[in-house]
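Chemist: Structure in structure tokens, see below.
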Protein chains: 4
Amino acid sequence: MADRLEDLARAFERFPGIGPRQARRFVYHLLGATPSDRSRMADLITNLANDVRQCTECMRFANGGALVCTYCSDTTRDDSQLLVVEKDQDLLALERAGSYRGRYFVLGGVLTLSGKGVIREKELLRATERRLPKGLTEIILALSATSEGENTVDHLRLILTPYRDKVKLTELGRGLATGSELEYSDAETLSGALQNRKET
Amino acid sequence: MADRLEDLARAFERFPGIGPRQARRFVYHLLGATPSDRSRMADLITNLANDVRQCTECMRFANGGALVCTYCSDTTRDDSQLLVVEKDQDLLALERAGSYRGRYFVLGGVLTLSGKGVIREKELLRATERRLPKGLTEIILALSATSEGENTVDHLRLILTPYRDKVKLTELGRGLATGSELEYSDAETLSGALQNRKET
Amino acid sequence: MADRLEDLARAFERFPGIGPRQARRFVYHLLGATPSDRSRMADLITNLANDVRQCTECMRFANGGALVCTYCSDTTRDDSQLLVVEKDQDLLALERAGSYRGRYFVLGGVLTLSGKGVIREKELLRATERRLPKGLTEIILALSATSEGENTVDHLRLILTPYRDKVKLTELGRGLATGSELEYSDAETLSGALQNRKET
Amino acid sequence: MADRLEDLARAFERFPGIGPRQARRFVYHLLGATPSDRSRMADLITNLANDVRQCTECMRFANGGALVCTYCSDTTRDDSQLLVVEKDQDLLALERAGSYRGRYFVLGGVLTLSGKGVIREKELLRATERRLPKGLTEIILALSATSEGENTVDHLRLILTPYRDKVKLTELGRGLATGSELEYSDAETLSGALQNRKET
């Protein structure tokens, strides 16, 4: 007989940030749960793709049966801006911040320093083409301030070059993040913070 | 429509050591998986209780259809010793160490300092009764060297008092654990290490 | 006889970030050093105030016998800007970044949330008065992006109110610090990053 | 003029566990101290070797003018045991634990895996010779449960071989240290804990 316990532990090991030991703890957690809790979880996992679909415009995963998500179909949002993020969670963080009212595109990943990584390149180009007639004038490359993020910005700038006569490419401003201390900040952060200083 | 994505995230939040953010990452990980990977995982979770059962002797979870697990049915193991651990993973750590050849009992938990916690008390008493005629002479209370572990040892010592004329109660020895530095060791660890010193 | 070893350990305990154990390690480190190394260190400590003096303009500690430090006496620096930092190390971090060419003032501390803390308030007002005739037009309140930093900015804004008709008060810009990930950034950081976005 | 501030920072950088940034913080801490606090610290450092001397028996550093420290001159301590530790702080930890009443020897270091490191080898042999007529029967090699500690035990066992007919060599017992959890313990710790189990 196959070792189901081990099979499930190995499936949990593929979860982000989970090692062999925590994967086994998950299995024992499920063994200690009630059969109805287990079958409910199995049900949620099986039906995830039925209930949650990928928006054909921004590529994010969203609940509901519609082809286009609520942010993409919301006619009050600003069509002149398209903000490109790495992943769904980044988009949700920006929505929580509440200061952006334009459109989104989820890249689905970043490029490593050696240029590896799968990103939705063709889909981004298509989204750009589709949004141009609607008044698109700016694409905000909102990647993280990490070397992978910067590398991805460099690549996107390259493939979006053909649109630069119609569309302005921007990236997020550098500065002090909440909790940053001057003493431990690097030159780029400090220079950005100085340059972006504002009247108080 | 119910928010399935949120429901699944909340189920993952109940996993040991998982907060709201990592729970959401798990959901997005599953959304990015293939439908066949998802249905395989759902299948493993649903059938977990069919394939894995709790041994009626030691209470651990084990693969296979048998009522009694391989350690409990192994006739070459020593019936004179019964080692009590908190959880399945502790038992597996001891098996990996390879120096114990007696029987096991999994308590299923520990008692907190305020005496709270669910442990398999009645089952332990029953296992003791059942093992006495087979030659049981020692119960090793192998709990962790934490305050909860010590509290649980105190309680077990109490409820096992009626058997002390036939059975010796022992607990694990204190000493230097791998990596321990003398300078940072407390009095109990150092005293145990000194008392348990061995010729070299 | 007094316990010199303990006395020295207690003196090291007052060093920033040093607990009793590390303080003792320092003492044993010095006991293991050569007498000439020890007397050299003692000499450096004794003469610290002779060799290093506090600049009468910016209040930072600097080598050399001059009353005014090299940054304050440098005639090529911009007299229209005065940048206020908490401590000497912040000033040095900004100099390393190399993007600021104005004047400095070291506040010597921050105010806690309950308004406690010793800062060079009078000295700042005097420095402002002194710099106004030289063409001062902007005071940059370059405190850390922490609650203490923000509290101190609030207080400085208040006491500098009388100069606001002649001098613009600014604070450092918020945005992504190097290493910041969108997913884990708070609303203020993200809003700052969006607002301060720049063409790429 | 020499940069005294930098010289002192570099001296602090040689302190155990101190990097360039914290070394500079120490200098600024001293700059902010009163001249009398600074001169008192300088004085303590200069006179450290006058007030604290290395015991000629156990090699530890101790206050007072005597050649031999209080532990070595205490006639109520057990002359049959000599316990060898790496450093003064380990000896103090054992004294705090209060369960050892024999004699000590401080090795002054450990050997790395490649056999490097300075230890008081000749002094240990001399101490052994000196203690044999006084009734020495056991040398306890009380090194940390780290690879360096084990390597040092191996080396000491070798150089003490000539005395093994008169003196028993022992090392500290392995087991659960305070806070150890079974699940995360390695084979050697668990085997030691089982072997050293005691009646409860």
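Chemist: Just one of D:Leu136, D:Leu132, D:Leu125 is in a loop (DSSP other than H, G, I, E, B), assigned by TED's automatic domain parsing to the domain that holds D:Lys166 and touching a residue at least 24 places away in the same chain (Cβ under 8 Å); which is it? First the steps, then the outcome.
Modeler: On the way: D:Leu132 fails: in a loop (DSSP other than H, G, I, E, B); D:Leu125 fails: in a loop (DSSP other than H, G, I, E, B).
Matching residue, one of D:Leu136, D:Leu132, D:Leu125: D:Leu136.
Chemist: Need the failing condition index for D:Leu31 against (1) within 8 Å of chain C (Cβ to nearest Cβ); (2) within 28 Å of D:Lys122 (Cα to Cα), just the number.
Modeler: (2)
Chemist: How many of the residues in segment D:160-183 are more than 7 Å from chain B (Cβ to nearest Cβ), open to solvent by less than 60 Å² (accessible area, probe 1.4 Å) and more than 21 Å from D:Thr56 (Cα to Cα)? Talk me through it step by step, then tell me what you get.
Modeler: Keep residues of segment D:160-183 that are more than 7 Å from chain B (Cβ to nearest Cβ), which gives D:160-167.
With the extra rule that they be open to solvent by less than 60 Å² (accessible area, probe 1.4 Å), the set shrinks to D:160, D:163, D:167.
In the following step, the residues that additionally are more than 21 Å from D:Thr56 (Cα to Cα) were identified as D:163, D:167.
Residues flagged as more than 7 Å from chain B (Cβ to nearest Cβ), open to solvent by less than 60 Å² (accessible area, probe 1.4 Å) and more than 21 Å from D:Thr56 (Cα to Cα) within segment D:160-183 amount to 2.
Chemist: Checking the condition within 22 Å of B:Ala145 (Cα to Cα), of a type in the set (Lys, Arg) and without any contact (Cβ under 8 Å) to a residue 60 or more places away in the chain, which residue from B:Arg96, B:Arg25, B:Arg38, B:Arg77 passes? Quick ask: steps written out before the conclusion?
Modeler: Values: B:Arg25 fails: within 22 Å of B:Ala145 (Cα to Cα); B:Arg38 fails: within 22 Å of B:Ala145 (Cα to Cα); B:Arg77 fails: within 22 Å of B:Ala145 (Cα to Cα).
Just one listed residue meets the conditions, B:Arg96.
Chemist: Consider D:Thr152 against the criteria (1) β-branched (Val, Ile, Thr); (2) at pLDDT 95 or above; (3) out of contact with any Gly (no Cβ under 9 Å at 6 or more places or on another chain): it satisfies all of them except one. Which criterion is unmet?
Modeler: Tallying (1) β-branched (Val, Ile, Thr); (2) at pLDDT 95 or above; (3) out of contact with any Gly (no Cβ under 9 Å at 6 or more places or on another chain), D:Thr152 fails exactly one: (3).
Chemist: Restricting attention to segment D:140-180, which residues are out of contact with any strand residue (DSSP E or B) (no Cβ under 7 Å at 6 or more places or on another chain) and acidic (Asp, Glu)?
Modeler: Of everything in segment D:140-180, those that are out of contact with any strand residue (DSSP E or B) (no Cβ under 7 Å at 6 or more places or on another chain) and acidic (Asp, Glu) turn out to be D:Glu148, D:Glu150, D:Asp154, D:Asp165.
Chemist: Just to verify a result, which residue in segment D:1-10, among those that are within 7 Å of another protein chain (Cβ to nearest Cβ) and free of Cβ contacts under 8 Å to residues at least 12 places away in the same chain, is least open to solvent (accessible area, probe 1.4 Å)? Step through it out loud before you land on a result.
Modeler: Applying the first criterion (within 7 Å of another protein chain (Cβ to nearest Cβ)) to segment D:1-10 yields D:1, D:3-5, D:7-8.
Narrowing further to those that are free of Cβ contacts under 8 Å to residues at least 12 places away in the same chain: D:1, D:3-4, D:7.
Numbers: D:Met1: 157, D:Asp3: 62, D:Arg4: 65, D:Asp7: 43 Å².
Among them, the one singled out is D:Asp7.
Chemist: How many residues does segment C:21-48 hold that are under 20 Å from D:Arg96 (Cβ atoms) and among the basic types (Lys, Arg)?
Modeler: Step one: of segment C:21-48, the residues under 20 Å from D:Arg96 (Cβ atoms) are C:21-28, C:31.
From the residues that got through so far, the ones that are among the basic types (Lys, Arg) too are C:21, C:24-25.
Adding up the residues that qualify gives 3.
Chemist: Out of D:Ser114, D:Ser99, report the one residue that is open to solvent by 50 Å² or more (accessible area, probe 1.4 Å), at the interface with another protein chain (Cβ under 10 Å from one of its Cβ atoms) and not in a helix (DSSP H, G or I). It would help to see each step written out before you state the result.
Modeler: Numbers: D:Ser114 fails: at the interface with another protein chain (Cβ under 10 Å from one of its Cβ atoms).
Just a single option satisfies the conditions, and that option is D:Ser99.
Chemist: OK, next. All but one of (1) open to solvent by 30 Å² or more (accessible area, probe 1.4 Å); (2) part of a loop (DSSP other than H, G, I, E, B); (3) at pLDDT 90 or above hold for B:Leu92, so report the exception by its number.
Modeler: So B:Leu92 meets the others, but not (2).
Chemist: Scan segment A:123-147 for residues that are of a type in the set (Asp, Glu) and touching a helix residue (DSSP H, G or I) at 6+ places or on another chain (Cβ under 9 Å) and jot them down.
Modeler: First, pick out the residues of segment A:123-147 that are of a type in the set (Asp, Glu): A:123, A:129, A:138.
The one that is of a type in the set (Asp, Glu) and touching a helix residue (DSSP H, G or I) at 6+ places or on another chain (Cβ under 9 Å): A:Glu129.
Chemist: Return yes or no: is C:Ser147 surrounded by fewer than 23 Cβ atoms within 10 Å (Cβ to Cβ) and in contact with a Phe, Trp or Tyr (Cβ under 9 Å, 6 or more places away or on another chain)?
Modeler: Working: surrounded by fewer than 23 Cβ atoms within 10 Å (Cβ to Cβ): yes; in contact with a Phe, Trp or Tyr (Cβ under 9 Å, 6 or more places away or on another chain): no.
Considered against the rule, which asks whether it is surrounded by fewer than 23 Cβ atoms within 10 Å (Cβ to Cβ) and in contact with a Phe, Trp or Tyr (Cβ under 9 Å, 6 or more places away or on another chain), C:Ser147 comes out as no.
Chemist: Could you check how many residues of segment D:24-81 are assigned to a loop (DSSP other than H, G, I, E, B), closer than 30 Å to D:Asp7 by Cβ and open to solvent by less than 50 Å² (accessible area, probe 1.4 Å)? Steps first, please.
Modeler: Initial filter on segment D:24-81 (assigned to a loop (DSSP other than H, G, I, E, B)): D:33-34, D:47, D:55-60, D:64-69, D:74-77.
Imposing the further condition that a residue be closer than 30 Å to D:Asp7 by Cβ reduces the set to D:33-34, D:47.
Then drop every residue that is not open to solvent by less than 50 Å² (accessible area, probe 1.4 Å), which leaves D:33, D:47.
Number satisfying all stated conditions: 2.
Chemist: Among the residues of segment B:12-23, write down those that are in a helix (DSSP H, G or I) and open to solvent by 10 Å² or more (accessible area, probe 1.4 Å). Give the steps one after another, and end with the answer.
Modeler: Here is the first cut: in segment B:12-23, the ones in a helix (DSSP H, G or I) are B:12-13, B:20-23.
If the condition is that a residue be in a helix (DSSP H, G or I) and open to solvent by 10 Å² or more (accessible area, probe 1.4 Å), then B:Glu13, B:Pro20, B:Arg21, B:Gln22 are the ones that fit.
Chemist: Now, a different point. Collect the residues in segment D:113-139 that are of a type in the set (Gly, Ala, Ser) and within 19 Å of D:Thr75 (Cα to Cα), keeping them in residue-number order. Spell out how you get there, then give the answer.
Modeler: Taking segment D:113-139 as the starting set, the residues that turn out to be of a type in the set (Gly, Ala, Ser) are D:114-115, D:117, D:127, D:135.
Within segment D:113-139, D:Ala127, D:Gly135 meet the criteria.
Chemist: Among what's in segment A:184-194 and is facing another protein chain (nearest Cβ under 7 Å) and outside any loop (DSSP other than H, G, I, E, B), pick the residue that is farthest from A:Asn151 (Cα to Cα). Lay out the reasoning, then the answer.
Modeler: Start the filter on segment A:184-194 by keeping residues that are facing another protein chain (nearest Cβ under 7 Å), which leaves A:185-194.
After this cut, where a residue has to be outside any loop (DSSP other than H, G, I, E, B) as well, the list is A:187-194.
Working: A:Ala187: 19, A:Glu188: 16, A:Thr189: 17, A:Leu190: 21, A:Ser191: 20, A:Gly192: 19, A:Ala193: 22, A:Leu194: 24 Å.
Selected residue: A:Leu194.
Chemist: With (1) more than 8 Å from chain B (Cβ to nearest Cβ); (2) out of contact with any strand residue (DSSP E or B) (no Cβ under 7 Å at 6 or more places or on another chain) as the list, and A:Arg24 as the residue in question, which single condition is left unmet?
Modeler: (1)
Chemist: Here's something else I'd like to know. Could you run through segment B:110-122 and say how many residues are closer than 17 Å to D:Leu182 by Cβ and either free of Cβ contacts under 8 Å to residues at least 40 places away in the same chain or of a type in the set (Ser, Thr, Tyr) (or both)?
Modeler: Final tally of qualifying residues: 2.
The values are calculated or read from the model by the stated rules, or taken from the named source; none is laboratory data. Just so it is clear, the structure is predicted and the values come from calculations on it, not from any experiment. Neighbour counts are summed over all protein chains in view; Cβ atoms, including those assigned to glycine, are modelled from backbone coordinates with ideal geometry. Please note that ligands, DNA and RNA were not included when accessible areas were found on the heavy atoms of the full protein model with its side chains. Shrake-Rupley method; radii C 1.70, N 1.55, O 1.52, S 1.80 Å.
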